[in-house]
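One structure is given here, and the rest of the page talks about it.
All of the numbers you see were taken from the coordinates with simple rules; none came from a lab. This structure is a prediction, so every number in the text was calculated from the model and none was measured. A quick note on method: Cβ atoms are made from the backbone with ideal geometry, for glycine too, and the neighbour counts reach across all protein chains shown.
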Amino acid sequence: MKFYRNILGFREFSRGGGGGGQLAWIDLKAPDGNDYIELLPFADVPSPSDLKAQNHFGLATSDVRKTVASLQPRATVGLPNSPITIQTGGGLPPRANVFDSDGVRIELMEPVSAGASSTEHPIRHR
């Protein structure tokens with residue numbers, strides 16, 4: 001957190017917990033603009049499968065449904081997670097996951113308001 005806040009200038013705008021009261025995620029807004037990052041703290045050293053699932057990058061889109069509709073016809077047979085499904089709920093905007101040929105996850109998500117409180121974003125299910 002010191003690196004992201006003190007050196008890079010990010011500001012925390014949301015956080016939430018997982019099971020047992022353990023911190024599950026922290027959202028930090030970039031110092032200039034509306035971009036943000038999400039940190040997922042691990043209590044222990046994560047397994048390779050956890051790293052592949054949790055370490056990903058996200059792309060914001062104004063309309064996940066339209067984005068998925070444009071990507072779906074281009075989804076190559078044989079790639080993981082085809083067809084692309086839209087996920088809703090958990091207090092989050094619509095989102096979808098696309099996986100590259102190495103199984104790396106790319107999350108498509110409508111922007112989360114940087115002014116939102118953690119009560120507006122309950123436990124995230126990933």
Quiz prompt | the stretch 2-120: relative contact order in percent, alpha carbon pairs under 8 Å with at least 6 residues between | solution = 23
Quiz item: Under a straight-distance cross-link criterion of Cα-Cα below 19 Å, which aspartates and glutamates are reachable from Lys2, leaving out those fewer than 8 residues away in the same chain?
Solution: Glu12, Asp27, Asp32, Asp35, Glu38
Practice problem: Counting other beta carbons within 10 Å of each Cβ, put Lys66, Lys2, Lys52 in order, fewest first. | Solution: Lys2, Lys66, Lys52
Quiz prompt | Amide H contacts under 5 Å for Thr61, placed H, 5+ residues apart | solution = Met109, Glu110
Quiz prompt | Lys, Arg +1 and Asp, Glu -1 on Cβ, resulting dipole of the stretch 2-120 about Cα centre, debye, nearest 20 | solution = 80
Quiz item: Considering the alpha-carbon set of the stretch 1-68 alone, what are its Rg and its Dmax in angstrom?
Solution: 14.1, 38
